[in-house]
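Here's the structure we're looking at; comments come further down.
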Ligand code: NAD
C-alpha cells in the first residue's frame, strides 16, 4: 500500500493532511508513504522531518505514481491527480455539494473519493471527525481575534490606578466551536454567557462556568435530535429569541456567533437594529460568515464597522493555526484508515455496509454512489 500526501494548492490553505507522527504510524502498519515537497511548509514541518519519519519526499508526479491512497485537506483539481493506481482512495474534506463536477471527475478517473466532513457524528467516529477538530480551534481563535480587536482588557484588574471591569462575552450557538469559545473567554477572565436552541447545552454552559441565556416560554430542541443538530426554528421561537437577544446584547462587549443548521443557510441571529443598540467599541465575530452569516451586514473574510461596532466575518479560522489544525486533521485521517486496516491485505478494507463507509464514500467503481449526490 503506497500512501501519497499532496501539498495543498487552494489559495489561503495552510494545512496538510499528514504529519511525521501519522507517517510513522502508517509505516508501522506496513504502508509506504510519499509526501510532496513543501507539504508541511506552513505547519512548520520541513521535508526533512517527513523523511526522518520514513517518508519519501518528491514531486507531485513522483508521489502519485502507483499510489493506492491520496491524502489531502481540500479536494484537489482532478486533472492534477494523474498517475495514481486504479481504484486509489482519495481522502480529504472534498466539499461534495460545492464541487459536484470535481467529484464526478474523480469517479471518471477511477478514484474512490471519501469525504471526511461527512463522517457520521457517532461515538465510534469521534476521533475521525474533522468538523469537530477544526471547529474547536476556530472557537478558540474567534475569541483571540475578538480580544485583539477590542480596545479594552478581558480580565478584571484591580490596580493602583483603579479597577478595570471584566469584559462581557456572549456566545451564540454552543456546538463544538461555541464550547471552546466559552472555555477560552473564561480562561481569559471574561464574564461569559451563552445561548443555543438545544436545551441539552444548558448543562454544558453551566459546567464551563458561564451563564445560560435561554428562550423560556417557547419549546426549543430537546434531546440530541438527529445527530444532535439544530433545525430551523418556528417563527414564534425566532421572535422570542430576537427579543431576548435585544435586551441581552446591548450589555455585551463581545459577541461570538457560531450557529449553523446543516444543509441550510446560517440562521440570522443579530439584526442591524440590534447592533445599533450595542456599546461603541463592541466586537462581533461571526463564525458562520461563510455559511451566510448570523449577523446582518457581516462580510465573509472581512472586518466591517457598523454603528461603531466591529463585525469580523471569520473565514476558516482553523487555517490560522496551521500546525495544530494539521496535526488534528492528520490524526482524524489516520484514525479513519487505521480503523479499517486489514493486516493480511496490508491495506484498509472498507465494507460496503459500514456506517462510516456509507457516510463518507462518494464514488465507487467509476460512479457517484452517495445518496446525497443522487
Ligand atoms: P453546528 O456547527 O452545526 O452548529 C453550532 C451550534 O449552533 C449548535 O449547537 C446549534 O444547536 C446552534 N444553533 C443552530 N441554530 C441556532 C439558533 N437559531 N440559535 C442559537 N443556536 C443555534 O454544531 P456542531 O458543533 O457541529 O455540533 C452539533 C452537535 O453534534 C452537538 O450536539 C455536538 O455535541 C454533536 N457532535 C457529536 C459528535 C460525535 O459524536 N462524533 C462530534 C461532534 C459534535
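A few comments on the model shown:
- Contour excess over end-to-end distance, with Cα ends at residue 306 and residue 152 and 0.36 nm allotted per residue: 53.6 nm
- Helix-derived mean residue ellipticity, 222 nm - over the chain, DSSP H n ≥ 4, -39500 (n - 2.57), to 500: -9000 deg cm²/dmol
- Extended-chain gain in nm, criterion 0.36 nm per residue less alpha-carbon gap, residue 345 and residue 247: 29.1 nm
- FRET efficiency for residue 108 and residue 52, using Cβ-Cβ distance with R0 set to 41 Å, rounded to 0.05: 0.60
- The range 110-188: relative contact order in percent, alpha carbon pairs under 8 Å with at least 6 residues between: 29 percent
- Of 110, 92, 139, the residue with the greatest mean-square motion in the GNM of the chain, using alpha carbon springs below 10 Å, is 110.
- DSSP finds beta bridges in the chain, and of those with both partners inside it, around 25 percent are antiparallel.
- Helix axis angle, 130-149 relative to the chain longest principal axis, alpha carbon, degrees: 40 degrees
- When the chain is treated as a GNM with alpha-carbon contacts under 10 Å, the residue of 172, 156, 116 showing the greatest mean-square fluctuation is 156.
- Taking the convex hull of the alpha carbon positions in the range 218-374 and averaging its projected area over all directions gives 13.2 nm².
- Projected label points at residue 165 and residue 335, each 7 Å from Cα along the beta carbon direction, are separated by 4.2 nanometres.
- The chain: relative contact order as a whole-number percent, Cα under 8 Å and 6+ apart: 19 percent
- Principal axis box of the range 162-306, alpha-carbon based, largest edge first, Å: 50, 33, 28
- Potential extension, residue 122-residue 24 segment - 0.36 nm per residue separation minus Cα distance: 32.5 nm
- Across the range 18-130 the C-alpha pair distances fall into 5 Å bins from zero in the proportions 2, 11, 20, 22, 21, 16, 7, 1 percent.
- The range 321-374 shape via C-alpha gyration tensor axes, a/c threshold 1.5: oblate
- Degrees between helix 235-249 axis and first principal axis of the chain (Cα, 0 to 90, nearest 10): 70 degrees
- Calculated FRET efficiency for the pair residue 101/residue 238, C-beta based, R₀ 30 Å, to 0.05: 0.25
- Angle in degrees between helix 322-339 and the longest Cα principal axis of the chain, rounded to the nearest 10: 50 degrees
- Counting neighbouring beta carbons within 10 Å and listing from fewest to most, the residues 50, 150 come out as 150, 50.
- Proportion of all alpha-carbon pairs of the chain beyond 34 Å (%): 34 percent
- Computed E for residue 216/residue 187 - FRET, C-beta separation, R0 30 angstrom, nearest 0.05: 0.55
- Over the range 1-142, relative contact order from alpha-carbon pairs under 8 Å, at least 6 apart, %: 20 percent
Each reported figure results from applying straightforward, stated rules to the coordinates on display, with no laboratory input. Keep in mind it's a predicted model, so treat the numbers as computed, not measured. Ideal geometry is used to build each Cβ from the backbone, glycine not excepted, and the neighbour counts take in all protein chains shown.
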